[in-house]
1. Toward the positive end of the charge dipole of region 51-147, about the Cα centre and with charges on Cβ (Lys, Arg +1; Asp, Glu -1), which of MET131, THR86, PHE65 goes farthest?
2. What span do the alpha-carbon atoms of region 57-174 cover on each of the three principal axes, reported in whole Å from largest to smallest?
3. In debye, nearest 20, what is the charge dipole magnitude of the chain about its Cα centre with +1 on Lys and Arg Cβ and -1 on Asp and Glu Cβ, if you could check?
4. Is the chain best put as rounded, prolate or oblate by its Cα gyration tensor, with a ≥ b ≥ c the root eigenvalues, rounded for a/c under 1.5, and otherwise prolate when a/b is larger than b/c, oblate when not?
5. Work out how much length ALA47 to TRP185 would gain on full extension: take 0.36 nm times their residue separation and subtract the Cα-Cα distance, in nm to one decimal.
6. With N denoting the number of residues in region 1-121, provide Rg(C-alpha) divided by 2.2 N^0.38 Å, to two decimal places.
7. Taking the Cβ-Cβ separation of ARG84 and GLU55 as r and a Förster radius of 30 Å, what is the calculated FRET efficiency to the nearest 0.05?
8. Can you tell me the order of 9-18, 128-137, 29-38 when each peptide is scored by its average per-residue count of other Cβ atoms within 10 angstrom, highest first?
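Here, each number is a calculation from the coordinates, and none is a lab measurement. The shown structure was predicted, so the numbers you read here are calculated from the model rather than taken from an experiment. For neighbour counting, all protein chains shown are included, and Cβ atoms are generated from backbone atoms with ideal geometry for every residue, glycine included.
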Amino acid sequence: MIIQKCVKGIGGGYGGITQTGAFDLIHSSIGIVANRWRNGHGTFSTADIAAHLTETNLDRHIHDFPAYGGRTPFISLASGAVRRDTVAWDNEDYSAIDTALDFATDNWSRSGALVYCWVLTGVNAAVENHMVAESVRDLLIYRRWSRYQLEGEVTAKGWVPSNQIERVEWWDGSIDTRDPVATLWNPGYTEPARLSNLRDLF
């Protein structure tokens, strides 16, 4: 496993999240909850999470989000991607922040939030394991062609706890700038420690 830092873009505007609601992801100590339970489509329990973590549902989350997104048990997080240009012999970076910001503001047509967080991410597919996010952008793991691969998605399951959220930024979609309107840093954030296989004496 690796610890992957990610950004979640959440759209505001009519029917979307408000600045207060975005900051409540930290204040409420709940964090980000998948739409299935946020929208009341099931009981938020380990049994219900396990029953809906299937490859079919993951595929629908990625490729049929307009129809399935309101009841998905998965959470899309942007973590960046790289596109290989074989003609120019070059690699082009796709920024996670730009991807999340475009989604949150719908190309600067509304306000929205960026949520900076981290998740434990597997180096192999483990859809049924709710503790490990899926790196669906990784072509060594998910080899099926996807038009969304360059969005650089890492897919969390069930929820992202608030102590894994570093900060929330609020962006005004009417102002195309590179600065958020407001930022809330999480005082309860737990920075993941660098891991090693060395155990000290005790």
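1. The one lying farthest along the dipole's positive direction is PHE65.
2. For region 57-174, the Cα extents along the three principal axes come out at 38, 37, 30 Å.
3. Roughly 460 debye for the chain.
4. Numbers: a/c = 1.18, a/b = 1.07, b/c = 1.10.
Because its axes are fairly even, with a/c under 1.5, the chain counts as rounded.
5. Full extension from ALA47 to TRP185 adds 46.4 nm.
6. Values: Rg = 16.0 Å, N = 121, 2.2 N^0.38 = 13.6 Å.
That ratio works out to 1.18.
7. Numbers: r = 26 Å, r/R0 = 0.88.
Efficiency computed from Cβ-Cβ geometry: 0.70.
8. Values: 9-18: 15.7, 128-137: 19.8, 29-38: 17.9.
For the peptides 9-18, 128-137, 29-38, the packing ranking is 128-137, 29-38, 9-18.
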